[in-house]
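Below: the structure, in structure tokens.
The values are calculated or read from the model by the stated rules, or taken from the named source; none is laboratory data. Just so we're clear, the structure is a prediction, and the values are computed from it rather than from any experiment. Every residue, glycine among them, receives a Cβ derived from its backbone with ideal geometry; neighbour counts consider all protein chains shown. These accessible areas exclude ligands, DNA and RNA; they are computed on the full protein's heavy atoms, side chains included. Shrake-Rupley method; radii C 1.70, N 1.55, O 1.52, S 1.80 Å.
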Amino acid sequence: MKAVILDAASLGPDVDLAPIREHLDVLDVHQASTTEQSRERLAGAQVAIVNKVVLDGATLDALPDLKLICVLATGTNNIDMPTAERLGIPVQNVTAYGTASVAQHTLMLILTLANRLPLYQRDVAAGRWNRSPFFCLMDHGTLQLEGKHLAIVGQGELGSRVAALAEAFGMRVSFAARPGNEGNDTRPGIAELAPEADVISLHCPLTDATRHLFDARLIASLKPAALLVNCARGGIIDEEAALSALRAGRLGGLGVDVLPVEPPRDGHPLLDALSEPLNLIVTPHNAWITPEARQRIVALTGESLGRWKVENGA
């Protein structure tokens, strides 16, 4: 059986593909591919292994030998799912591979914002500590997490792990009802939780119900010192509304690992604002990239491929 990896570079360096190779006769590895290139590269292959390359309907229709698509991620929005279903090509993804990595990154953002690190690092770099009449700087009030209220949107594996880490710091954690399903959920909605929360962390998918969930109106209901963190998907926060609130002192801190368009080749207001004296952190969608998490993607893909072979007698 032949498989083709279309964008192996997206897994980063030093990843061992042996857990995938052991289930195959042939594995062709391409570091990067366009949609146009994928049609030629997948010709004659039974398995496509892809992370972010778009496999549209025309491409899938042109690959009569294709029997399986393995996505090296949780999201499958780069695959034309209706066409894959029509052609009888199962699409398998991987989940829970980066729980520890993303939860760690989320806590890093929370801790960094709580301690106003972006502001103090700017002060130190500008020589303000050198000129201080006292032994320390304390111009930017910090937030002690112990006893504070963390509201989480998304009670899945990631949200639950973040909750456990936050509780280790002595925080009180509440989970919001699933957006769009508040009427069938016993938990309070985020609109109810947000005004009382000291920190809010997002771990939900981007859907019609969550797009701009944190819009100008909801952001205006937050405590002025509240911290807002998004390690889920860009667009769940109205980033421009959040930036306006941050500049006006109506938001205590903003940390995002995601933007609506990635990479942000045309720029983004949050990137421009990094040069301003704000309690703002933008990381390049790298919450998931610990070596352990990236290798687990390969291991889970290999396990999935092995199960498919057994079930289909391949």
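Residue-wise test of (1) touching a residue at least 12 places away in the same chain (Cβ under 8 Å); (2) closer than 24 Å to ARG233 by Cβ; (3) aromatic (Phe, Trp, Tyr).
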residue	(1), (2), (3)
GLY255	yes, yes, no
GLU262	yes, yes, no
GLU276	yes, no, no
ALA287	yes, yes, no
GLY302	yes, no, no
LEU305	yes, no, no
GLU311	no, no, no
Quiz item: Can you pull out the residues in the stretch 54-91 that are among the acidic types (Asp, Glu) and at pLDDT below 95?
Solution: none
Quiz item: What are the residue pairs meeting all of these: first residue in the stretch 218-236, first residue without any contact (Cβ under 8 Å) to a residue 40 or more places away in the chain and farther than 20 Å from LEU117 by Cα, second residue β-branched (Val, Ile, Thr) and open to solvent by 20 Å² or more (accessible area, probe 1.4 Å), Cβ atoms under 9 Å, and 6 or more apart or on different chains?
Solution: GLY234/VAL261
Quiz item: Is at least one residue of the stretch 244-261 touching a Cys at 6+ places or on another chain (Cβ under 6 Å), buried (at least 17 other Cβ atoms within 10 Å of the Cβ) and either more than 29 Å from ALA293 (Cα to Cα) or at pLDDT 95 or above (or both)?
Solution: yes
Exercise. Output the residue which, of all residues in the stretch 219-229 that are open to solvent by 20 Å² or more (accessible area, probe 1.4 Å) and among the aliphatic types (A, V, I, L, M), is farthest from SER174 (Cα to Cα).
Key: ALA220
Quiz prompt | Selected residue [open to solvent by less than 50 Å² (accessible area, probe 1.4 Å) and touching an Asp or Glu at 6+ places or on another chain (Cβ under 7 Å)] from THR283, THR290, THR301 | solution = THR283
Quiz item: Picking from VAL50, VAL26, which residue would you name as being at pLDDT 95 or above and under 27 Å from ILE289 (Cα atoms)?
Solution: VAL50
Practice problem: Inspect the stretch 98-110 for any residue being assigned to a helix (DSSP H, G or I), over 30 Å from TRP308 (Cα atoms), touching a residue at least 40 places away in the same chain (Cβ under 8 Å) and in contact with a Gly (Cβ under 7 Å, 6 or more places away or on another chain) and give the result as yes or no. | Solution: yes
Exercise. Looking at (1) at positive phi; (2) open to solvent by 70 Å² or more (accessible area, probe 1.4 Å), find the lone condition where GLY88 falls short.
Key: (2)
Exercise. Could you list all residues from the stretch 180-212 that are under 18 Å from the mean Cα position of the chain (by Cα) and open to solvent by 20 Å² or more (accessible area, probe 1.4 Å)?
Key: HIS203, PRO205, LEU206, THR207, ASP208, ALA209, ARG211, HIS212
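Would you tally the residues in the stretch 18-38 being within 11 Å of MET1 (Cβ to Cβ) and in a loop (DSSP other than H, G, I, E, B)?
3
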Quiz item: Which residue out of ARG116, ARG172 is open to solvent by less than 30 Å² (accessible area, probe 1.4 Å), within 19 Å of GLY252 (Cα to Cα), within 25 Å of the chain's Cα centre (by Cα) and not hydroxyl-bearing (Ser, Thr, Tyr)?
Solution: ARG116
Self-check item: Condition met for ALA58 (within 25 Å of ALA8 (Cβ to Cβ), among the small types (Gly, Ala, Ser) and part of a helix (DSSP H, G or I))
Solution: yes
Exercise. List every residue pair whose Cβ atoms sit under 8 Å apart, with the two residues 6 or more apart in sequence or on different chains, where the first one lies in the stretch 70-81 and is open to solvent by 10 Å² or more (accessible area, probe 1.4 Å) and part of a loop (DSSP other than H, G, I, E, B) and the second, anywhere, is modelled with pLDDT of 95 or more and of a type in the set (Gly, Ala, Ser).
Key: ASP80/GLY57
